[in-house]
Amino acid sequence: MQKIYRRIYADPEFHELELKRGWFSWCLASILLITYFSFILIIAFAPHIFAIPVIEGQIITWGIPVALFIIFLSFLLTGIYVYRANSEFDQLVKDVVEHARNATDD
């Protein structure tokens with residue numbers, strides 16, 4: 001079993017997969033974190049921005065749709081990651097494992 005792990009780790013395709021998946025997940029996480037922390041910072045330092053009514057004379061302010069957008073964005077980014085993981089990353093993992101299993105000992 002250790003031989004397979006060593007072969008996988010020595011495979012350049014594994015490192016390419018690791019780099020692609022890591023970059024992609026950090027990119028999506030950064031988008032969400034920047035959005036979320038921007039929302040929190042606006043609430044903390046400029047709450048009057050989200051206190052403006054969406055429609056004049058109504059109760060709903062801009063804070064509610066923006067918060068719902070952030071929730072929707074988190075679901076959307078999760079869906080994007082799952083789609084790419086299932087379509088691209090899983091196939092790369094299968095290829096790397098299959099290549100390691102079929103490699104001969106040197």
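The table below gives the values:
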quantity	calculated
Diffusion constant of the range 1-94 at 25 °C, which comes from Stokes-Einstein with the Kirkwood Cα-pair radius and 0.890 mPa s, µm²/s	150
Estimated FRET transfer efficiency when R0 is 25 angstrom, pair ILE4-SER25 (beta carbons, to 0.05)	0.50
Axial C-alpha extent at least 30 Å, average Kyte-Doolittle at least -1.0 - helices from the chain (DSSP)	12-45, 63-84
Calculated FRET efficiency for the pair GLU16/ILE71, C-beta based, R₀ 35 Å, to 0.05	0.55
Label-point separation, TRP62 to ILE49 (7 Å along Cα→Cβ), nm	0.8
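Only the coordinates and a few stated rules stand behind these numbers; no lab work does. Given the structure is predicted, the values throughout are model-derived calculations rather than measurements. Because the Cβ atoms are built from the backbone with ideal geometry, glycine has one as well, and the counts that use them run over all protein chains shown.
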